[in-house]
1. Would you mind computing, in nm to one decimal, how far apart the modelled labels at Ala50 and Tyr96 are, each placed 7 Å from Cα along Cα→Cβ?
2. Take each of the peptides 100-109, 155-164, 85-94, average the number of other beta-carbon atoms within 10 Å over its residues, and list them starting from the highest.
3. Strictly over 19 Å apart at the Cα level, which of Lys156/Lys209; Lys101/Lys209; Lys156/Lys200; Lys88/Lys200 would you flag in this model?
4. Modelling each spin label as a point 7 Å along the Cα-to-Cβ direction, I'd like the Asp40/Asn165 distance in nm, to one decimal.
Amino acid sequence: MTYDKARQGSMNSISLKLTRSFTTDVGSMEKQVVDDSDEDLMCQYCSGSAGAFERLYERHKGGLFRYFVRHCSSHDLAEELFQEVWIKIVNSRQSYQQTAKFTTFLYRIAHNRLIDHYRHLSSAQYAMRAEGDNQALVEESGAPLLGESTLEQEQKELAIKEAVNQLPFDQREAFLMQQEGHLSLAEIAEVVGISRETVKSRLRYAMNKLRQQLGELKL
């Protein structure tokens, strides 16, 4: 018996012992936990719930950290920027207003921190593109592919990371926001302060370059 099955069996046994009213209450509480949106959790955190912040952090730490790692040449620098973003979230607790999705709020802070870093180094590069249609993006490379050796998978992941790193800053940022942050075109446009059509164009150029560089890989 697997852990999940054992846990489910235990929960079923407990439920049978509860009264109908308690079952209803517990069901409502469980539904609230599952259905809480990022925005609900942030509002709960602003009202004093440390647990709400922990759930937000668990939901978004992976994507946000990968966003920085694939932007930066240094793992330590990515970690530093990552921590600074969450500190900014903590410090915004008293002034936070829900004017957009939490992910838009989160990645706007990340974007601004990244821009500040590049400005400090005097190395930010921008390449605006005017037209293009959005195309399907390659899948994330985090999950192993069936039938592949660990070495083969590691080689593919390395090739993808190197190809992403070679993209111009603007194209790389749009690509990572969509892939790691799961932001929509409109949300990326709002974060970066550009039009939706420009986001589509940057993604198209990014995908064309990635396909050229990774054409020999069976992704």
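1. 1.6
2. 100-109, 155-164, 85-94
3. Details: Lys156/Lys209 16 Å; Lys101/Lys209 30 Å; Lys156/Lys200 26 Å; Lys88/Lys200 29 Å.
Going by Cα-Cα distance, Lys101/Lys209; Lys156/Lys200; Lys88/Lys200 fall outside the 19 Å limit.
4. A separation of 4.1 nm, rounded to one decimal place.
A short reminder: the numbers here are calculations on the coordinates, not readings from a lab. Remember, predicted model here, so these are calculated numbers, not experimental data. Ideal geometry is used to build each Cβ from the backbone, glycine not excepted, and the neighbour counts take in all protein chains shown.
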